[in-house]
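K.L.:
Take this structure first; my questions come after.
Each reported figure results from applying straightforward, stated rules to the coordinates on display, with no laboratory input. None of the values given here were measured: they were computed from a predicted structure. Heads up, the Cβs are rebuilt from the backbone with ideal geometry, glycines too, and the neighbour counts pull from every protein chain shown.
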Amino acid sequence: MVARFMSLKEAVASCIKDGDTVSMEGFTHLIPHAAGHEVIRQGIRDLTLIRMTPDMIYDQLIGAGCARKLVFSWGGNPGVGSLHRLRDAVQEGWPHKLEIEEHSHAAMANAYDAGAAGLPCAVFKGYRGAELPRVNKNIKFIECPFTGESLAAVPAIRPDVAVVHAQKANKKGDVLFEGIVGVQKEAVLAAKKSIITVEEIVDNFDDVPYNAVMLPNWAVTAIVEVPGGAHPSYAQGYYKRDNAFYKAWDKIANDRDSFTAWIDEHVMKGGPEDFAAKREANKG
Amino acid sequence: MVDYTPTEMMTVSASRALKNDDVCFVGIGMPSAACNLARLTHAPELTLIYESGTIGTKPDVLPLSIGDGELCETAVNTVPVPEMFRYWLQGGKISVGFLGAAQLDKYGNINTTVIGDYDDPKVRLPGGGGAPEIATSCGEVFLVMKQSKRGFVEKIDFVTSLGHGKGGDDRASYGVDTKGPSRLITDLCIMEPHPVGKHFIVTSIHPGVKREDIIENTGWAVEFADELAETPVPDAHELQVLRDLHARTAKAHEGQQ
C-alpha cells in the first residue's frame, strides 16, 4: 500500500491505539515532537514506548500518562541533565508506575536492525561483564554454533507503529532523511505501520545524491507535512536546536504542577501549526 | 608560569593521552573537550567518532549533544547508528574509547545507571548508552573524571560497563580480549592499572597536589607507584587553544542559551 498524505490528527488517530508499542525515534536530531504532542492530545494510553535516547518528548508523554512501559538505552535531557518526569514515574510512580526495560545502545541498534531484517532476535558481542542482564530478562546469551563463542541476544524490535520526522517527502510520498540519520530507517522498516512528519513536500528529489537515505512510498503508511515538527530539536538544513528550551524544560518538568500547566497551555490547547513559527525563530 | 585551573589541567592531561593515529570513540561530556583539544594541538589527524554515527568529525565548537549538526557537517562520513555499533565499534576498528562516569571503582568498572538499588533507586541516572560496548570493543579505554569520594568508590552500585572486573585476569573471563581501562585522568593525578592486580595506582601527580588530597578524595585505599612522576603543566599553547575552543563554543551557543 502506498503512503497516504494526511493531517497529523488523522494519521495518529488511524495508526496508533491504546496499548500499542510505539517507536518515536531520532538520535538527538529530527525528533518527532509535533507527532508526540498529537498523541498526548488524543489521550492515547498504555503505550509501550521504545527509543534509544528518550528525551523531552518522552518525558512529556510519560508525564501526561500515555506510557505503561519504556524500552530505552539512554534517558536524559542531552547536554542539560535528567528527565524529571521519567524519574518521577520510575521513583515515585507519578502519574502511574512505569515499567522500564533497559538496554545498551548497541543492543537496541542491533534489535532495530533485526526487526527491519525480519529476524526474531539480534545477536551481537555485547553486555560482556555488564550488569544489565541481571535485571533485564530480555537479555540472554547464546553460543555460536560454529565457534562456541558466547554472544548476547535480545529480541528484535517490531513496533506496532514507528513515528519519525524527516526533511522532505516528494509528491509521490517517497521520504528523504539527511544528516544524522540515527535508526529511523530501521525503525520504520521494523514497524507494522509508520507515520513520518516532514519539513516540506517537494515536487521531486532531482538534486539528491544517489545514495541518500530514503524510504520509498510503499514502505511508509502516513506522511504529514509539519514545518518545524522536530522543534525544539533540530532539522539539518532547516533549523537549529532551540537550546534555550532544552534548558527551560529542566525547570518546567521539575515540578508536577508546572509540567501539567505547560502541557495544558502548549499541547492540549496547541496544534501542529504552532511549530512553523518555531522553525523560523531557530533558523541558523 | 602560566595560571590554569584543575579542570584545565585534567583536560590537557587527558588530551595528551591521545595519539595522532588513534581512532577514538568520544563519550559525552568531559571526554569531548579533551579529544578535540588533542585534535587541535598535537594530534591533528586524530579520528574522532561520536556514537551518533559521525566518523572523522572536526567540530569548530564543542557539541551541545552527540547529535549536533556541526558533528555531521565536519565529518568524513555520517553512518546510521546500527552501522556505527556493528561495523565500526563491534568490528574492532576503534583504538580508544574515551569515557566519563558517575561512579567508578578501583578496577575501572563504570556506573552510569543508578545510585542505590536498581529496582528502588536513590537516583536514576541516564543509563549506559553506548558505554557497555565501547568499554569492551575499543582497543583500550581512557577515563576522565573529577576526583571525589562520591564518585571514586570501593564498590559501585551497578556495573554498567566492564573495566577490569574483579581485577587480575577477570576481564578476560568474560570473553573480552581488549585492554580495558589503561589510564584514568583526574583533576588531581593520573592513575594506571597495576600490571598484575589491575587496580589503579597513582603514577603521576599534578603539580601542587599533595598525596593527602588524592587520599581524601578517593573512596578506596589509594596506592602510589614507587616512582611517581609529576604531571607536566599545560603549556601556553594548549591553554590558549583550550580557552579559545571554550570561548568559540560559548559564543556559538550564546543565542541558544
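K.L.:
Out of residues 5 or more away from A:V220 or on other chains, whose amide H comes under 5 Å of its own, with H placed 1.01 Å from N in the peptide plane?
P.N.:
A:A3
K.L.:
May I pose another question? Can I get the semi-axes of segment B:45-110's equivalent ellipsoid? Compute them from the C-alpha gyration tensor as square roots of 5 times the eigenvalues, in angstrom, largest first.
P.N.:
Gyration-tensor ellipsoid for segment B:45-110: 22, 16, 11 Å.
K.L.:
Separate question: Can you report the principal axis dimensions of segment B:148-190 using only the alpha carbons, biggest first, rounded to whole angstrom?
P.N.:
32, 23, 16
K.L.:
Turning to a different aspect of this structure: How many angstrom lie between the Cα centre of segment A:182-232 and the Cα centre of segment B:1-24?
P.N.:
42 Å
K.L.:
Rg and Dmax of segment A:93-210, Cα atoms, in Å?
P.N.:
Gyration radius and largest Cα-Cα distance of segment A:93-210: 18.0, 53 Å.
K.L.:
In straight Cα distance, which lysines are under 19 Å from A:K185, not counting same-chain residues fewer than 8 positions off?
P.N.:
Candidates past the 8-residue exclusion: A:K168, A:K172, A:K193.
K.L.:
Of A:K125/B:K19; A:K247/B:K251; B:K155/B:K198, which ones are farther than 21 Å apart at the Cα?
P.N.:
Exceeds cut-off: A:K125/B:K19.
K.L.:
Kindly state, as a whole number, the per residue volume in cubic angstrom of the convex hull around the alpha carbon atoms of segment A:142-284.
P.N.:
190 Å³
K.L.:
So which of A:K69/A:K192; B:K122/B:K146; A:K97/A:K278 end up more than 31 Å apart by C-alpha?
P.N.:
A:K97/A:K278
K.L.:
What list of whole percents do you get for P(r) of chain A, with Cα-Cα distances grouped in 5 Å bins up to the one holding the largest distance?
P.N.:
Each 5 Å bin holds this share of Cα pairs: 1, 6, 13, 17, 19, 17, 13, 8, 5, 2, 1, 0.
K.L.:
Put +1 on the Cβ of each Lys and Arg and -1 on the Cβ of each Asp and Glu in segment B:186-257; which of B:F224, B:L239, B:H199 then has its Cα farthest toward the positive end of the dipole?
P.N.:
The residue sitting farthest along the positive end of the dipole is B:L239.
K.L.:
What do you get for Rg/Rh of the protein assembly as shown when both radii come from the Cα atoms and Rh is the Kirkwood radius?
P.N.:
In the protein assembly as shown, Rg relative to Rh is 0.97.
K.L.:
Quick check: the distance between the Cα centres of segment A:13-87 and segment B:131-178, to the nearest angstrom?
P.N.:
Each part's Cα centre sits 31 Å from the other's.
K.L.:
Give me a comma-separated list of calculated 3J(HN,Hα) values for segment B:25-36, in order, Karplus coefficients 6.51, -1.76, 1.60 applied at θ = phi - 60°, integers in Hz, x for any Gly or Pro.
P.N.:
8, 9, x, 6, x, 3, x, 4, 5, 5, 5, 6
K.L.:
Something else now. So for the pair B:D244, B:Y87, with labels modelled 7 Å out along Cα→Cβ, what separation do we get in nm?
P.N.:
So the label points at B:D244 and B:Y87 sit 3.5 nm apart.
K.L.:
While we're here: Which listed residue (A:Q42, A:I100, A:V22) has the Cα farthest towards the positive end of the charge dipole for segment A:1-155, taking +1 on Lys and Arg C-beta and -1 on Asp and Glu C-beta about the Cα centre?
P.N.:
A:Q42
K.L.:
At what distance in nm do the modelled label points of B:E73 and B:A172 sit from each other, each positioned 7 Å from its Cα along Cα→Cβ?
P.N.:
4.8 nm
K.L.:
For an R0 of 35 angstrom, estimate the FRET efficiency from the Cβ-Cβ distance between A:N211 and A:K247 and round to the nearest 0.05.
P.N.:
With a Förster radius of 35 Å, E is 0.40.
K.L.:
Given the Cα-Cα distance of A:E143 and A:K97 and 0.36 nm per residue of separation, how much length would full extension add, in nm?
P.N.:
Stretched out fully, the A:E143 to A:K97 stretch lengthens by 13.0 nm.
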